[in-house]
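See structure below.
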Amino acid sequence: MKLSDFDFDLPESLIATRPARPRSSARLLVAEGDALTDAVVTDLTRWLRPGDRLILNDTRVLPARLHGIRKRSGEAGETEARIDVTLLEPQADGAWTALVKPLKKVRDGEDIIFSSDLSATLEARHEGQAVLRFNLTGEDFDAALNAAGAMPLPPYIAAKRAADAQDHEDYQTVWARHRGAVAAPTASLHFDAPLLERLRAHGVDFTHVTLHVGAGTFLPVKVEDVTTHRMHGEWGEVTEEAAAEIAATRAAGGRIIPVGTTALRLIETAARSGRIAPYAGVTDIFIYPGFTFHVTDALMTNFHLPKSTLLMLVSALMGQERMRRVYDHAVTEGYRFFSYGDASLLIPPDRA
């Protein structure tokens, strides 16, 4: 299985830099078995049945991009350097790992000032990453970070425009609860309150799980034999209540449909024994063709990067040839790609 098997030509004009408004007006390409249907997200009730259960990732994206100044006194007098920081993940002792650019311009023990309220000390560095300790904790830290930070837009959007105030709303799901992600579970961005109410009225159930999406989600696959690729780890939790809801739906004949690849990867991690069970910890599960799904019946997801692990995941669910037809259709019909783009609903033939 080669990396080139998951390549395709994508016109740059199809990369979305802003989401559809309202959220649920985005286009939806439904692949039900071998049939393809062009629709919009508000049409979901045409394919979802009463008793189906959507799995929603309730992670909250941090405004993890910070711009600061390092000040230093020396023989040359008072000097300053502009420092860019991207937070990666919190540590057990309250410090944060982060990408700091340029790291060489900050010494261990020096402070980086982000605002009149927020600063951080560089405590250590390891393999190109920094360990930062902020001057605030808890709610005070959250408030100062929200004021000073920008949303960590994916590289393919950040290369086209800078993050702005609108992204604080656009790049966050309406059900976000638990802070810790540096990338959004983007299929979930298509849901708004009216759509959720419509689905509830239709008899669709919801279960929340948490997977804190890390910056590693954007790392490219660098090996030609994809089976030798090693996934990054991300922390997630399927509570006892969530596992019970999923098990009950399956027992009743309903379908389990994750919204987004993050939710899918987490519940399949929690079901490696063959049955869904509570889970809390780091997952680095890698899903590619040949994978055995234990709880996932269908998937709602956006359109993914060529040669990405996410394209491998959807190919595992639907089959490589079927996904090639899906993506050929999406490109031909002008669907918008990636985080702020349109959506697909993927229903394998045996689950239609």
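Looking at the range 11-39, which of its residues are closer than 28 Å to Pro289 by Cα, of a type outside the set (Asp, Glu) and surrounded by fewer than 18 Cβ atoms within 10 Å (Cβ to Cβ)? Passing the criteria: Pro11, Leu14, Gly33, Ala35, Leu36, Thr37, Ala39. Looking across the range 83-99, the residues that are assigned to a strand (DSSP E or B) and either open to solvent by 50 Å² or more (accessible area, probe 1.4 Å) or in contact with a His (Cβ under 7 Å, 6 or more places away or on another chain) (or both) come down to Asp84, Glu89, Pro90, Leu99. Looking across Gly233, Gly290, Gly319, Gly274, one residue alone is under 30 Å from Lys160 (Cβ atoms), surrounded by fewer than 18 Cβ atoms within 10 Å (Cβ to Cβ), out of contact with any Phe, Trp or Tyr (no Cβ under 8 Å at 6 or more places or on another chain) and not basic (Lys, Arg). It is Gly233.
Among all positions in the range 71-82, there is no residue which is surrounded by 15 or more Cβ atoms within 10 Å (Cβ to Cβ) and hydroxyl-bearing (Ser, Thr, Tyr). Within the range 174-187, the residues that satisfy the criterion of being open to solvent by 10 Å² or more (accessible area, probe 1.4 Å), touching a helix residue (DSSP H, G or I) at 6+ places or on another chain (Cβ under 8 Å) and within 22 Å of Leu299 (Cα to Cα) are Val174, Trp175. Counting the residues of the range 135-171 that are surrounded by 12 or more Cβ atoms within 10 Å (Cβ to Cβ) and without any contact (Cβ under 8 Å) to a residue 40 or more places away in the chain gives 10.
Scoring Ile113 on the criteria (1) farther than 25 Å from Thr17 by Cβ; (2) open to solvent by less than 50 Å² (accessible area, probe 1.4 Å); (3) of a type in the set (Val, Ile, Thr); (4) modelled with pLDDT of 95 or more leaves a single failure, condition (2).
For Arg336, the stated conditions do not hold, so it cannot be described as of a type in the set (D, E, K, R), crowded, with 21+ Cβ neighbours inside 10 Å, out of contact with any Asp or Glu (no Cβ under 7 Å at 6 or more places or on another chain) and within 17 Å of Ala187 (Cα to Cα). Pull up the range 181-229, narrow it to residues that are under 21 Å from Thr239 (Cβ atoms) and β-branched (Val, Ile, Thr), then point me to the one that is farthest from the chain's Cα centre (by Cα). Per the criteria, the residue is Val204.
Among the conditions (1) acidic (Asp, Glu); (2) part of a strand (DSSP E or B); (3) over 21 Å from the mean Cα position of the chain (by Cα), the only one that Glu245 does not satisfy is (2).
Within the bounds of the range 198-211, is there any residue that is over 26 Å from Phe338 (Cα atoms) and free of Cβ contacts under 8 Å to residues at least 40 places away in the same chain? Within the range 198-211, one or more residues are over 26 Å from Phe338 (Cα atoms) and free of Cβ contacts under 8 Å to residues at least 40 places away in the same chain.
Return yes when Leu313 is under 26 Å from Ser13 (Cα atoms), touching a Ser or Thr at 6+ places or on another chain (Cβ under 7 Å) and at pLDDT 95 or above and no when it is not. Here the answer is yes, as Leu313 does meet what is asked.
The values are calculated or read from the model by the stated rules, or taken from the named source; none is laboratory data. Source: prediction; values computed, not measured. Note: ideal-geometry Cβ built from the backbone for every residue, glycine included; neighbour counts use all protein chains shown. All accessible areas refer to the heavy atoms of the entire protein, side chains included, with ligands and DNA or RNA removed. Shrake-Rupley method; radii C 1.70, N 1.55, O 1.52, S 1.80 Å.
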